[in-house]
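Asker: I have a structure here, written as structure tokens, and I will follow up with some questions on it.
Bear in mind these aren't lab numbers, they're just calculated from the coordinates by the rules spelled out. Owing to the predicted nature of the structure, the values given are computational and were not obtained by experimental measurement. Every residue, glycine among them, receives a Cβ derived from its backbone with ideal geometry; neighbour counts consider all protein chains shown.
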Amino acid sequence: EGGSQAEVKGGELFIDGKATGIKGGVGEAVKVVEGEWAILQADGTYVSAVEFYGVLDGQGYSFKNWNATRGLIATNYGVVKNIVIDASCTLNYTVAEGASGDQNAAFIVENNNVTGTVSGCVNKGNVIIVDVSCGAHRAGGVVGVSYGFVNDCINYGKIDVTSQAVKN
């Protein structure tokens, strides 16, 4: 792990107490823009983390004290690497009643597309999924579902999936 510590406070990412974000690679900072995670690019613009095509290198920095309801990146088409989720973090994701399609949940990447790569990431936080629908759902610590490449990642956190769905 890197020597610095990252902490999420009110949607902003702080490293060593400064709002500087994750440094390295193309991504220079991560924050909430218009209610969604976004990653600051070298040209000063923010790229949505809903569909991510860039490179995000966390350099082993740790997210700490993050109480998330969704993962950092919804669908990854790019490269995400060297991100650590500390044991102080919790992902509480509820699949709403009537949710359509597959629902995937994980701290770092929810859906890793065929062109996506996730490598060197570690999750130590707990993932809690409550399903009140009747769909097909997947959960993981680092990646929820992958059709691309996942290399040298590890999950130490507990994954707890509870179904409250009633199918007639």
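Asker: Given H placed 1.01 Å from N in the peptide plane, which residues other than close sequence neighbours of Arg138 have an amide H under 5 Å from its amide H?
Answerer: Gln103, Asn104, Ala105
Asker: Shifting gears a bit: For Asn67 and Asp152, what is the calculated FRET efficiency with R₀ set at 41 Å and r taken between the beta-carbons, to the nearest 0.05?
Answerer: Result of the calculation: an efficiency of 0.95.
Asker: So how much slack lies between Ala87 and Ser163, counting 0.36 nm per residue of separation and subtracting their Cα-Cα distance, in nm?
Answerer: Between Ala87 and Ser163, full extension yields 24.9 nm more.
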